[in-house]
Amino acid sequence: MLVVGCGGIGGTVAAHLAACGTNTTVLSRNERIVDSINRFGFRTRGEGAIGTVPGHAVSRLQGDTARFDYVLLATQPPQVEDAARDALPFLSDDGRIVCFQNGLCELRVAPIAGEARVVGGIVAFGASMLEPGVYDRTSSGGIVLGRLDGELDEPLERLVRLLEAVGPIATTRNLRGARWSKLAINCAISSLGTLGGDRVGPLLKRRFIRRLALEIMTETVHVARAAGVTLEKVSGTLDLDWLALTASERDRRLGSPALVAKHALLVAVGMRYRRLRSSMLNAIERGRPPAIDFLNGEVSDRGSSLGVATPVNDAVRELVWQLARGEVRPSVALLERLYRDTRAPSSGNAVTSDEPD
């Protein structure tokens, strides 16, 4: 196994694979991470921590490097295509490349590696790197695996068995539907967490932030439907078709039982992922480009091509880029500004000052 990228998700996955005896190599461009793993191993914390596990990390692949059965891409989305190109010469003839990124990265990697060799890995747990080589799993959960063509072949089944070391593994024949449902969640949770500069739990305690999240997810669902995608439930339970606001819920000034239930569900999501901090915010703080074009930007671009209005996703995309350029700072006040700006009639959203707590 080759794990490319060793941030929170990559490091956590690699640690569990190594702990079970899988021959695992980590590729990271960060020499501090490489040195820490080689000297001290993977040091795990949080949910399901397994202590310290000896590890093997490299900063580049040599011409005589052995070929890998699986290449697990755990970089940030902006680096996924370059990572796939660099790793492809070291993939065995019947090997598979697995995309662990948020967004629709399988569609970007498929032209590089070939659709049949690409597997999508939808990660349902949170993790962060506290310092080089130290990994904190901030929430429980597993991984959903699938191929773009919906086939469940032997290499995929073998990958399921290997990744069971990390957590519960499920497979799907509807990878696009599962990806779009997760994209709707990420567009809300990751992007609002980036703009708010705080962890998910505290942010989702605020009514207006939950409303923003619902509107972001609703726009994403509308674009997915226009693209002919049949949405899958997230983790088998979170139904984005139900969670999306109806026309009356978007317009009404007073709450309804269904709207109260949707707010309550987001409170529960905030509690489950209360320690999760946006990896996109971490990237910006390290001077790296944010993955916003792979999240809300994906929704905006596809919505534009399909004739579906996405005013809240458009505004989020622009604000995150302003943040990356240093023009604004992350804060709850910035989210309040976003909320006010997207209440304008031109945004297509009615003024809803009295949503349920």
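The values are calculated or read from the model by the stated rules, or taken from the named source; none is laboratory data. Please read these numbers as outputs of a predicted model, since none were measured by experiment. All Cβ positions, glycine included, derive from the backbone under ideal geometry; neighbour counts span all protein chains shown.
Looking only at the stretch 165-179, decide whether some residue is assigned to a helix (DSSP H, G or I) and of a type in the set (Val, Ile, Thr). Before you say what the answer is, go through the steps one by one.
First, pick out the residues of the stretch 165-179 that are assigned to a helix (DSSP H, G or I): 175-179.
From what's left, of a type in the set (Val, Ile, Thr): none.
No, because not a single residue in the stretch 165-179 is assigned to a helix (DSSP H, G or I) and of a type in the set (Val, Ile, Thr).
Scanning the stretch 288-323 for residues that are buried (at least 18 other Cβ atoms within 10 Å of the Cβ) and in a loop (DSSP other than H, G, I, E, B) returns PRO290, ALA291, LEU295, VAL308, THR310. Evaluating GLY326 against the criteria (1) part of a helix (DSSP H, G or I); (2) modelled with pLDDT of 95 or more leaves one unmet condition, (1). Where residues in the stretch 67-88 are in contact (Cβ under 8 Å) with a residue 24 or more places away in the chain and loosely packed, with under 15 Cβ neighbours inside 10 Å, which of them is farthest from SER181 (Cα to Cα)? Selected residue: ARG67.
Across the stretch 41-58, a minimum of one residue is classified as within 30 Å of TYR273 (Cα to Cα) and acidic (Asp, Glu). Which of the numbered conditions does ARG275 fail, given that it passes all the others? Conditions: (1) at pLDDT 90 or above; (2) within 25 Å of ASN102 (Cα to Cα); (3) not small (Gly, Ala, Ser). It fails just one condition, (1). Checking each residue in the stretch 204-231 for being modelled with pLDDT under 95 and surrounded by 23 or more Cβ atoms within 10 Å (Cβ to Cβ) picks out only LEU204.
Table: residues versus (1) of a type in the set (A, V, I, L, M, F, W, C); (2) under 18 Å from ILE209 (Cα atoms); (3) surrounded by 15 or more Cβ atoms within 10 Å (Cβ to Cβ).
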| site | (1), (2), (3) |
| --- | --- |
| THR237 | no, no, no |
| ALA247 | yes, no, no |
| ARG250 | no, yes, yes |
| GLY255 | no, yes, yes |
| LEU259 | yes, yes, yes |
| SER278 | no, yes, yes |
| ASN282 | no, no, yes |
| ARG286 | no, no, no |
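Restricted to the stretch 90-117, and to residues that are part of a helix (DSSP H, G or I) and touching a Gly at 6+ places or on another chain (Cβ under 8 Å), which residue is surrounded by the most Cβ atoms within 10 Å (Cβ to Cβ)?
Within the stretch 90-117, the subset part of a helix (DSSP H, G or I) is 90, 106-113, 115-117.
Narrowing further to those that are touching a Gly at 6+ places or on another chain (Cβ under 8 Å): 106, 117.
Working: GLU106: 25, ARG117: 19.
Across the stretch 90-117, the extreme among qualifying residues is GLU106.
For the stretch 135-164, residues that are touching a helix residue (DSSP H, G or I) at 6+ places or on another chain (Cβ under 8 Å) and outside any loop (DSSP other than H, G, I, E, B) total 9.
Condition check ((1) in a helix (DSSP H, G or I); (2) within 23 Å of GLY307 (Cβ to Cβ)) across all residues:
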| residue | (1), (2) |
| --- | --- |
| PHE208 | yes, no |
| LEU212 | yes, no |
| THR220 | yes, yes |
| ARG225 | yes, yes |
| THR230 | no, yes |
| LEU245 | no, yes |
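For the stretch 121-141, does any single residue satisfy the condition of being crowded, with 24+ Cβ neighbours inside 10 Å and of a type in the set (Val, Ile, Thr)? Looking through the stretch 121-141, at least one residue is crowded, with 24+ Cβ neighbours inside 10 Å and of a type in the set (Val, Ile, Thr).
Can we say GLY120 is over 27 Å from GLY201 (Cα atoms) and outside any loop (DSSP other than H, G, I, E, B)? Against the criterion (over 27 Å from GLY201 (Cα atoms) and outside any loop (DSSP other than H, G, I, E, B)), GLY120 qualifies.
Condition check ((1) outside the structural domain of VAL269 (by TED's automatic domain parsing); (2) modelled with pLDDT of 95 or more; (3) of a type in the set (D, E, K, R)) across all residues:
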| position | (1), (2), (3) |
| --- | --- |
| GLN76 | yes, no, no |
| LEU107 | yes, yes, no |
| ALA124 | yes, no, no |
| ASP136 | yes, yes, yes |
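Any chance you could count how many residues in the stretch 142-161 are crowded, with 18+ Cβ neighbours inside 10 Å and either within 19 Å of GLY11 (Cα to Cα) or in the same structural domain as VAL200 (by TED's automatic domain parsing) (or both)? Counting residues in the stretch 142-161 that are crowded, with 18+ Cβ neighbours inside 10 Å and either within 19 Å of GLY11 (Cα to Cα) or in the same structural domain as VAL200 (by TED's automatic domain parsing) (or both) gives 4.
Of the conditions (1) under 29 Å from ASP149 (Cβ atoms); (2) free of Cβ contacts under 8 Å to residues at least 24 places away in the same chain, ALA247 clears all except one; give me its number. Here ALA247 clears every test but (1).
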